[in-house]
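> The structure follows.
Just so it is clear, none of the values below were taken in a lab; they were calculated from the coordinates. It should be emphasised that the depicted structure is a prediction, and the values quoted were computed from it without experimental measurement. Cβ sites come from the backbone with ideal geometry, for glycine too, and all protein chains shown count toward neighbours.
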Amino acid sequence: MSYIELKNVSYRYPLAEADALKNINYAFEEGKLYGIIGENGGGKTTFCDLIKGLIPSFYGGDLTGEVFIKGKEIREWESSALASTIGYIFQNPFTQISGIKETVFEEIALGLENLGVEREEIIDRVINVVKQLKIEHLVKNNPNKLSGGQRQRVAFASIIAMETDILVIDEPTSQLDPKGTSDIFEIIHLLKEQGKTILLVEHKIDLIAEYADEVLVIKQGELITNGKTSDVFSDVNLLNEGVNIPQIALLSNDMKEQGKPFDTFAITRSQAREQILKKGSEKICH
Amino acid sequence: MMDETFINSYRSPQLSKNWLLNLNPLNKINIYIALGLITLFFQHWQVNVVITLVFILLAVAAGCFKSFIGPFLKLGLVIGPFFFIVRAIFWPGENMIFNYGIINITQEGIDLGIQYATIMLVVCGILVLCTVTIKAEDLTYSLEKIGVPHNVSFMILSSLQLIIDLKDKTKVIMDSQRSRGIETEGNVFVRIKAFVPVLSPLFLGAISGAEEKTIAMDARAFSSANPNTHLRFLRPTPALEKILVILVDILILGLIILGVVL
């Protein structure tokens, strides 16, 4: 059974003249990391809001079609049950901090307090997540005084502590520096290893190529292509759709056009390195 | 390696070494307001000054004198003189001291001005003492324990935080304006001229931030129907503390009755 399934889903915001999402059909499987890419304003965040249950309950508007989360239609989910099933992290690190807690430890515990988890379990879960994300040095700090990167890590910790099966992550690194970005992707990698189902919206296409199992390309509210990450990025025509292609995929394509293709189409640096080393050793042997 | 003492601090009630700080927040508010009420029934500025001194002594007893006195003086020295001036120069009376146009200084006006100014000192004392001796989170915990809904306590806490956030954002916007060469320092007119354009980005930013914060809180199961738990908690109010508060209330009630009778 699919973990999340969309059937003929269209959505229009209140007062809008056009649909923000158009007839989307897709089934997400458990334990995979899905990269969602496309132009700005194409509907990626709307797509995330839909999966998170914010559409139509929070934003209003017209939703047609069906969205199933773990086999249950999204309109039938209670808000709190959905919050303990789907975690949501978005781009602005400054608005994801509650602002009402005095320490990072208490901030991470907030979601668990709301779920009614007992104190000892809260403490255990927060300690675990703090260790996992290597933010022990931050626990005593005031969350309102942290940098953007630190706040984003605390936002991740707060959601991970709630132990949701599904994570919707919307451009988590758009406001972060390279170090902050690298820290966040380390966390995403960890979550993937833990078997979480992750929907990740991200413009840093090389990182999507590195981590995503499958990619969905959304343009003007439509799902224009999807499939295995290597298959999607091997189609350089995507550039015409306003979608970036990883530099390594462009290199692979250039090699192909020069009549010297890699044995398998590389989309990440490690894949390309492997291919180049292989070709180099073959040349030496001959 | 995490600090075990810090972690263990969540396993026991939040207590400090100071008896006054350890009082239940609602009991502290009860005592401060009860003291403040005396001013309404004794129409003597000397009583107001004594109560103000009591607040200063309470701040000393709580070990918060330094954090109390600065804001208290800043607030008191603005509001107190303002009320004095308004009453002193406009209040009609028989014992005229000075008269010019609409300015009408009378002995009665000066007496009333002193009375109002010292009442304002008492009000400032209550407000500042509350802020330095009560942690907002402890207050909302106590409120929730007496049945105030969780979302109301969140509103109180986030409103208090909003003031700090807006102040910080104002500073950021002013700094960015200064970096673009806009004059933000100088006399009152220059400052007002620089401050007005700050208002729209400040409040529009706050409105858009509010929507995102709502979503962030939704992601933290804020709307959960389950009864919420608390990581930080306070001790149950000791019997001695209850007796103390009742005695203070009775004493103040007695003083008020005395004031009314006299």
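> Quote the Stokes-Einstein diffusion coefficient, in whole µm² s⁻¹, for segment B:144-219, based on the Kirkwood radius over alpha carbon pairs, a temperature of 4 °C and a viscosity of 1.567 mPa s.
Details: Rh = 14.6 Å.
Estimated diffusion coefficient is 89 µm²/s.
> Here is a follow-up. Which net charge results when you count Lys and Arg as +1 and Asp and Glu as -1 among the other residues whose beta-carbon is under 12 Å from that of B:P13? Each step should come with its number before you reach the end.
Working: positive: A:R119, B:R11, B:R232, B:R235; negative: B:D138.
Summing Lys/Arg as +1 and Asp/Glu as -1 gives +3.
> If you average the C-alpha positions of segment B:4-36 and of segment B:126-143 separately, how far apart do those two centres end up, in angstrom?
Value for the Cα centre distance between the two parts: 9 Å.
> Taking the beta-carbon count within 10 Å as an exposure proxy, list B:D3, A:D231 from fewest neighbours to most.
B:D3, A:D231
> Let me ask something else. Could you state the number of Å between the C-alpha centres of segment B:85-110 and segment B:180-231?
Spelled out, the Cα-based centre of one part sits 44 Å from the other.
> Continuing with the same structure: Residue by residue through B:150-163, how many Cβ atoms from other chains fall within 10 Å of the Cβ on average?
Working: counts 2, 0, 0, 1, 4, 1, 1, 4, 3, 1, 2, 6, 1, 0.
So the per-residue partner count for this stretch is 2.
> While we're on this one: So what J values fall out for segment A:125-136 if you push phi through Karplus, 6.51 cos²θ - 1.76 cosθ + 1.60 with θ = phi - 60°, rounded to Hz, Gly and Pro as x?
The phi angles translate into 5, 5, 4, 4, 5, 5, 5, 4, 8, 6, 10, 4 Hz.
> What number, rounded to the nearest 500 deg cm²/dmol, is the helix-based mean residue ellipticity at 222 nm of the protein assembly as shown, given -39500 (n - 2.57) per DSSP H run of at least four residues and division by all its residues? Working shown, then result.
Values: 19 runs with 297 residues, N = 548.
My calculation for the protein assembly as shown gives -18000 deg cm²/dmol from helical runs alone.
> Take every residue in peptide A:78-85, count the Cβ atoms of other chains within 10 Å of its Cβ, and give the average of those counts. The partial results should precede the final answer.
On the way: counts 3, 6, 7, 3, 4, 8, 3, 0.
Shielding by partners across A:78-85 averages 4.
> Follow-up question, since we're still on this one. List, in order, the whole-Hz ³J(HN,Hα) value for each residue of segment B:201-209 obtained from phi through the Karplus relation with A = 6.51, B = -1.76, C = 1.60 and θ = phi - 60°; use x for Gly and Pro.
These are the phi-based 3J(HN,Hα) values: x, 5, 7, 5, x, 5, 5, 5, x Hz.
> Something else now. Would you pull out the residues with amide H under 5 Å of A:G87's amide H, same chain only if 5 or more places away, H placed 1.01 Å from N?
So A:G87 has HN proximity to A:I166, A:L167, A:V168.
> Under 14 Å from the Cα of A:K260, which aspartates and glutamates turn up, not counting those fewer than eight places away in the same chain?
Cross-link targets: A:E282.
> Could you tell me which of the pairs A:K44/A:K145; A:K204/B:K171; A:K32/A:K72; A:K22/A:K256; A:K101/A:K204; B:K66/B:K169 are separated by over 24 angstrom between their Cα atoms in the structure shown? If you can, show how the numbers build up before the last one.
On the way: A:K44/A:K145 31 Å; A:K204/B:K171 32 Å; A:K32/A:K72 20 Å; A:K22/A:K256 35 Å; A:K101/A:K204 32 Å; B:K66/B:K169 27 Å.
Pairs exceeding 24 Å: A:K44/A:K145; A:K204/B:K171; A:K22/A:K256; A:K101/A:K204; B:K66/B:K169.
> Something else about it: Kirkwood hydrodynamic radius, the protein assembly as shown, all distinct C-alpha pairs: what's the number in Å? Don't skip to the end; give the middle numbers.
Values: mean 1/r = 0.0357 Å⁻¹.
Mean inverse Cα-Cα distance, inverted, gives 28.0 Å.
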